[in-house]
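Take a look at the structure set out below.
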Amino acid sequence: MVDVSVIIPVYGVRNYLEQCMDSVLGQTFREFEVILVDDGSADGCAEICDRYAETDSRVRVVHKKNEGAALARNYGLQISEGAYIAYVDGDDWIDEHMLETLYQALRKEQTDIVMCGRYEDVGDSCRQVRQGLDAGRYGREMIQKSIFPKMISNGDFFQYGITPVLWDKMYKRELLEKHQMDVDSRILMGEDAACVYPCVVDAESICILDDCLYHYRQSAASAIKSNRGKISERQRYQILFQSVAEKLKARQHLYDFQDQWKEFLLFLMVPRSVYLYQGIENLDFLFPFPGVKKGSRVIVYGMGTYGQFLYRYLKETAFCQVVAAADRNYQELLKQGLPVIAPEEISKYQYDAIVVASCFARTTGAIYRDLSSVLPKEKIHVIDVPLIRSRETMKAFGLE
């Protein structure tokens, strides 16, 4: 028997899996097992998994047909033996002290969940992202008083209280099993949140660490997937919205999470609004930028997930004329094949509007301050938060 099980769902990550596994097996903490769940990969991942199992007795491999990350995690959890569970995604990697730090914090503080910060890595650049709440131990009374009011949304659009991902945390088995096994397998976007938030609501105690210990890989290749069709996309988000809303409603006597949960869904849906906003084709402005009218010459600023969706939509529909796409991390994005210019080059172009493609309040504010110090303020457009939160938008996204 081991105290800790590390579950790694594996699908289509051949180029990254060895770095992931080397970081896990190279931990300063040694007493754990690794469950590799090969979710029907056809890119050579299966062979890599088997090789690690042959050379390290701590590694077990399961090969199964492709059914998605949620079911892969469920399967790994079912066959794992640890009293404490951690997840790692197969295209990410972890700091060598991560398991030891989380395990020791769980044992010392006697909590149900411990969570840390992460590094967001794009090529050779990275930035630290911590939880949106103060570090420390929270007992049940403090969870209800200090965590619940900011658990999902920390006030601004959008800022997490607790990150909606499984992999920057370690859990007591009993708590995780209760909720991970109950995640609707039809959820393909936001399935982590469908487990994480119910776990926090039911936890007797949690511990938040300031340490950034997980490396989350971001790449242009994985940022956006092909459109599955508007009806299919809307159905998937409805399943996520309704299934978690029911769980949270059952705990409404503890706290009313309805507005926070809707805010989270809006955060997920806004970048994909071209597929999810019913009636978007009838608007005379670029949603959610009411000051950017149809036919405008625009520069898309920010080429993360949102920026790429927006860039592709405008190119395909010609709703607005895309003059250029800009990003502070342009050098790494150019290496990944994206047509990006440096922010300093914006002044060389003729444009009507700069559209800041970010839903994160802090990032949006920083970008606006930087751009407005050197470029005309009236041409810089950020998302209109009152418009996003309006009842009209809620109805268009199916959240009313």
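The values are calculated or read from the model by the stated rules, or taken from the named source; none is laboratory data. Just so it is clear, the structure is predicted and the values come from calculations on it, not from any experiment. With ideal geometry, Cβ positions are generated from the backbone for all residues, glycine too; neighbour counts draw on all protein chains shown. Keep in mind that these areas ignore ligands, DNA and RNA; they rest on the heavy atoms of the full protein, side chains included. Shrake-Rupley method; radii C 1.70, N 1.55, O 1.52, S 1.80 Å.
Brief remarks on what is shown
- Asp370 open to solvent by 50 Å² or more (accessible area, probe 1.4 Å), in contact with a Lys or Arg (Cβ under 6 Å, 6 or more places away or on another chain), more than 20 Å from Tyr275 (Cα to Cα) and of a type outside the set (Lys, Arg): no
- Glu96 meets all of the listed conditions (1) crowded, with 17+ Cβ neighbours inside 10 Å; (2) touching a residue at least 40 places away in the same chain (Cβ under 8 Å); (3) not in a helix (DSSP H, G or I) but one, namely (1).
- Scanning segment 149-169 for residues that are over 15 Å from Lys262 (Cα atoms) and not charged (D, E, K, R) yields Ile162, Thr163, Val165, Leu166, Trp167.
- Matching residues in segment 199-218 - criterion: being out of contact with any Ser or Thr (no Cβ under 7 Å at 6 or more places or on another chain) and of a type in the set (Gly, Ala, Ser): Ala203
- Being at pLDDT below 95, within 22 Å of Val165 (Cβ to Cβ) and either acidic (Asp, Glu) or open to solvent by 10 Å² or more (accessible area, probe 1.4 Å) (or both) is a property that does not hold for Arg328.
- Helices (runs of 4 or more DSSP H) (entirely within segment 1-93) containing at least 1 residues that are acidic (Asp, Glu): 14-25, 45-55
- Considering residues of segment 129-156 that are touching a Phe, Trp or Tyr at 6+ places or on another chain (Cβ under 7 Å) and modelled with pLDDT of 95 or more only, the residue most open to solvent (accessible area, probe 1.4 Å): Gln144
- Within segment 9-27, residues that are surrounded by fewer than 16 Cβ atoms within 10 Å (Cβ to Cβ) reach partners that are of a type in the set (Val, Ile, Thr) with beta carbons closer than 7 Å, at six or more positions or on different chains, in the pairs Glu18/Ile48.
- Residues that are open to solvent by 40 Å² or more (accessible area, probe 1.4 Å) and free of Cβ contacts under 8 Å to residues at least 40 places away in the same chain, drawn from segment 332-361: Leu334, Pro339, Glu344, Glu345, Ser347, Lys348
- Of all residues in segment 39-82, those satisfying the criterion of being in contact with a helix residue (DSSP H, G or I) (Cβ under 8 Å, 6 or more places away or on another chain) and farther than 25 Å from Val2 by Cα are Ser41, Asp43, Gly44, Cys45.
- Answer from Val300, Val244, Val323, Val270 - the residue that is open to solvent by 20 Å² or more (accessible area, probe 1.4 Å) and β-branched (Val, Ile, Thr): Val323
- Per the conditions (1) at pLDDT 90 or above; (2) surrounded by fewer than 17 Cβ atoms within 10 Å (Cβ to Cβ); (3) more than 22 Å from Thr364 (Cβ to Cβ), the sole criterion not satisfied by Lys225 is (1).
- Meets criteria (in contact (Cβ under 8 Å) with a residue 60 or more places away in the chain, of a type outside the set (Asp, Glu), within 29 Å of Ile341 (Cα to Cα) and not in a loop (DSSP other than H, G, I, E, B)) for Phe241: no
- Selection count, segment 157-190, where residues are open to solvent by less than 30 Å² (accessible area, probe 1.4 Å), of a type in the set (D, E, K, R) and over 28 Å from Glu96 (Cβ atoms): 0
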